[in-house]
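Colleague: Mind having a look at this structure? Questions to follow.
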Amino acid sequence: MSTDGITIPASPRQEFAAGVVHCLPIVAGAVPFGFLLGSLAAKAGLSALDMGLMSALVFAGSSQFVAVELLDKNGSGGSAGLAVIGAILLVNLRHLLMGATLEPRFRGIPRARAGLALFFMTDEQWALALRRGPELTLAYWYGVAATLYLAWLASTVAGTLAGALIADPTAWGLDFTFIAVFLCLLAGFWRGVGSLPPWLASAAAALAVHALSPGGTWHIIAGALAGGAVAAIQGKRRARDA
Amino acid sequence: MLESLHLDWSVFAIVLGGALVTWMTRIGGPWLVARVRLGPAANAALEATPGAVLVALVAPAALSRPSDALAAAFVCLIARRVPMVVAVAAGVAAVVLLRRLL
């Protein structure tokens, strides 16, 4: 594209298309994931419309798994509902850090447009945008976002419709599906041995609180706090040693 | 078909709340960076939170009986080596087998 060292900027349409193409391999991974979430949602008693609205408005995979699991276990009424929202917030707190690294890219963009674009920031969106470097355009961003969004919406709704057809999911060990899914998600957060102390602290705190009040969601809060506290100590120590 | 279009209002309220807090985490990053500097401790705590939440979620269920704990350990071993759907399917197959054996 460059002649005599002058780069001709790509048209928005080309940028959009590049975004679509770059996220196709990610879509291939996200679709079965969405389908699985949908079938678990059906087991939890969610309708395809409930699931579709959640995917369309929350649009954050890991937190949706957590939400569906809690809805399955504790229902949606009263304080159980507030606990679900709290859990979604905790799982998505990492967005703060991801968004922080994208700040230079969004500096010149009007606040309303940035706010809309950032609605679509998922782990995958963030990774692709970061890899694009300083040449990142809004057209590229929306090429990725539109593809991921439609794939996520379609696969989770399809999973819910299909899942509703399975009569008794627990008979097939499917109650273990949640555990397996969460462990796979957890593996994605592994950053080396340093990840272990916060995780062990979280497990210990969660088990202790769960033994005292089984069924509630307090053990999740306890685990998050214990894990966060240990990580904070690690972070402080790393900064001191550096 | 009608059932799939049923809207549970209490679920919808949760979806709206979850959507709002999630959007705030998404726009909050650039907003925060422009105003406050997070120290290394706060940074590390934020980074570790999602993992800690997932651990807290699975720990009681995964350790509830030996068969499930073994299957969970098996999933941990293969999780980073195979696609997620494969790891989940293998984990479910393992738990069915182990529950019968143990």
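Derivation of every value follows stated rules applied to the coordinates shown; laboratory data play no part. Worth saying up front: this structure is predicted, and the values here are computed from it rather than measured. Here the Cβ is made from the backbone with ideal geometry for all residues, glycine too, and neighbour counts use every protein chain on show.
Colleague: Once the Cβ-Cβ distance between B:Leu16 and A:Lys73 is put in as r, and R0 is 25 Å, what FRET efficiency do you end up with, to the nearest 0.05?
Modeller: Plugging the Cβ-Cβ distance into 1/(1 + (r/R0)^6) gives 0.75.
Colleague: Same structure, new question: Once phi is turned into θ = phi - 60°, what whole-Hz ³J(HN,Hα) does the Karplus curve with 6.51, -1.76 and 1.60 give for every residue of the stretch A:31-41, x standing for Gly and Pro?
Modeller: Values per residue, Gly and Pro as x: 5, x, 4, x, 4, 4, 4, x, 5, 5, 5 Hz.
Colleague: Could you run the Karplus curve 6.51 cos²θ - 1.76 cosθ + 1.60 with θ = phi - 60° over the stretch A:49-64 and give me ³J(HN,Hα) per residue in whole Hz, x for Gly and Pro?
Modeller: Those phi angles translate into 5, 3, 5, x, 5, 5, 5, 6, 9, 8, 6, 8, x, 4, 5, 5 Hz.
Colleague: For B:Leu63 and A:Ala112, FRET efficiency with R0 = 35 Å and r from the beta-carbon atoms, rounded to 0.05?
Modeller: After rounding, the FRET efficiency stands at 0.15.
Colleague: From the C-alpha coordinates alone, can you work out the Kirkwood hydrodynamic radius of the stretch B:50-102, in Å?
Modeller: By the Kirkwood definition, the hydrodynamic radius is 11.4 Å.
Colleague: Among rounded, prolate and oblate, which fits the stretch A:5-124 when a ≥ b ≥ c are the square roots of the eigenvalues of its C-alpha gyration tensor, a/c under 1.5 means rounded, and a/b larger than b/c means prolate?
Modeller: Verdict is prolate for the stretch A:5-124.
Colleague: From the phi of every residue in the stretch A:130-138, what ³J(HN,Hα) in whole Hz does the Karplus formula 6.51 cos²θ - 1.76 cosθ + 1.60 yield, where θ is phi - 60° and glycine or proline is x?
Modeller: Couplings: 5, 5, 5, x, x, 7, 3, 10, 5 Hz.
Colleague: Hey, another quick one. For chain A, what D do you get in µm² per second when you plug the Kirkwood radius from alpha-carbon pairs into Stokes-Einstein at 20 °C and 1.002 mPa s?
Modeller: Calculated translational D: 107 µm²/s.
Colleague: What nm distance separates the two modelled labels at B:Leu5 and A:Thr101, each placed 7 Å from Cα along Cα→Cβ?
Modeller: 4.4
Colleague: Next up: What does the extension gain come out to for A:Val193 and A:Ser213, with contour length at 0.36 nm per residue minus their alpha carbon separation?
Modeller: That works out to 4.1 nm of additional length.
Colleague: Suppose the Debye formula is applied to equal point scatterers at every Cα of chain B; what is log10 I(q)/I(0) at q = 0.12, 0.15, 0.20 Å⁻¹?
Modeller: -0.75, -0.95, -1.02
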